[in-house]
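The structure appears right after this line, and notes come after that.
The values are calculated or read from the model by the stated rules, or taken from the named source; none is laboratory data. Source: prediction; values computed, not measured. Virtual Cβ from ideal backbone geometry, glycine too; neighbours counted across all protein chains shown.
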Amino acid sequence: MSGNVTRVGNKLACRCGGCRNTVGNCPMLRCDSADPIRRRIYQMQQKGMSDSAIIDTIVREEGIVALASPPTRGLGPVITWVMPAIVLAVGFVIYYWYVRRNRKAPEPLTPVDEAAIERFRAQIDRELDDSPDTPSERKRDSERK
């Protein structure tokens, strides 16, 4: 493979699925994706096509995914970097609106609820006061009984 093929291949993504390299530096022997594209690049260079014309032809045939890195012109980079922040902000606004809309004041406790809570508090206090503090004290208490 010549340096000219490598130069153009470094701008195109290898799409074999086994690596994340470019066509120019894919290390796989007999790669199903990189080898045919390298041959096409070589043939197009023999016909006298420029690097940009070769890349444009391959992108036109295979789509924008053929590029190793996304284009830096147009709306693509703007959408790539700005949209996640916009979507996150919209999500926060919707969540805030939903929570504010569905928030209710806590209902007051009924006398039955208050009595049950007091019973549980008293039980917790009794159990904490009666429980031995260390495992050795627990063992001594169990031996006494």
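Structure data summary
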{"read-out": "Residues located in region 57-67, provided they are closer than 21 Å to R20 by Cα, at pLDDT 90 or above and surrounded by 10 or more Cβ atoms within 10 Å (Cβ to Cβ)", "value": "I58, V59"}
{"read-out": "Residues of region 21-53 that turn out to be at pLDDT 90 or above, part of a helix (DSSP H, G or I) and of a type in the set (A, V, I, L, M, F, W, C), as a count", "value": "4"}
{"read-out": "Residues of region 3-23 that turn out to be farther than 18 Å from P71 by Cα and touching a helix residue (DSSP H, G or I) at 6+ places or on another chain (Cβ under 7 Å), as a count", "value": "3"}
{"read-out": "Cross-chain or 6+ apart pairs with Cβ under 6 Å, region 59-85 first and free of Cβ contacts under 8 Å to residues at least 60 places away in the same chain, then exposed (fewer than 10 other Cβ atoms within 10 Å of the Cβ) and not aromatic (F, W, Y)", "value": "none"}
